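Data first, discussion second: the structure below is written as structure tokens.
What follows is calculated from the coordinates using simple rules that are stated; it is not laboratory data. As the structure is a prediction and not an experimental result, all values here were calculated from the model. Reconstructed Cβ throughout: ideal geometry from the backbone, glycine too, with neighbour counts over all protein chains shown.
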Amino acid sequence: MRTKKDPEIRQEAFIKVATELFMEKGYEAVSVRDVLDTVGNKSSSPSVFYYYFKSKNELYHACSRALAENYIASLSEAYAAEGKSIEEQTLLLVGCIDAYIEHERKMLMTGKSTPNRLFILDMRQQLTERIAALWSRFLTDEAGFLPTDAKRMAQFLTGGIGEMLYVFMQDGAHDPDDALRLTEDIALLVMNTIGIADEKKTAMMDVLKTYHERRKA
């Protein structure tokens, strides 16, 4: 007798496969059939897919939500780093954002005509409160700001970084150098907001540039 797979595990398999396809080919170039074939159901009818998702669009949303959760998890881990200076932690946080941009760049490129552009905006709004809470805790616990000041600055950082990322995603295709420049702009925004001294700021930007040069090599 054939054992049925757990529906949640099966759904996760579709999300994992689809995310890789969307990142490789882009939303428009991926079909339901592509997802079925890659997940290992070449002989299955589309009804198998529609048992788990109402449409390709719903699957894309599920993939985007999964990416968002991974992003939150990586930021949370960076915020929780112990035994590091404020400068080291700042670079660690910016590094998380940089890795997210680089890894998910193709998945998150919406372009002007992509129907999911508004969903990306909605996802950004849903994440704003959670990310602002992380920044607020970081600014209070690690940077020594008063809670009221930390909350205000956290909202500023979250809104500023969110807008930069959204504009970047909405603009469509970018080369890797564009992503690196975006990371450097985000780093400067964070360092200026926190108030890191100019000499340390220069040193931190040099570290970032060296990291980028090594990654490109």
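For the pair E184 and S74 in one chain, pulling the backbone fully straight at 0.36 nm per residue adds 37.7 nm over the alpha carbon distance.
Let me know the shape class of the stretch 124-211, please: from the alpha-carbon gyration tensor, a ≥ b ≥ c as square roots of the eigenvalues, rounded when a/c is under 1.5, otherwise prolate if a/b is greater than b/c, or oblate. It comes out oblate by the Cα gyration axes.
Going from the residue with the fewest nearby Cβ atoms within 10 Å to the one with the most, L188, L91 rank L188, L91. Pull out a ≥ b ≥ c, the square roots of the eigenvalues of the alpha-carbon gyration tensor of the stretch 7-52, then state rounded if a/c is under 1.5, prolate if not and a/b is larger than b/c, and oblate in the remaining case. Taking the square roots of the gyration eigenvalues as a ≥ b ≥ c, the stretch 7-52 is oblate.
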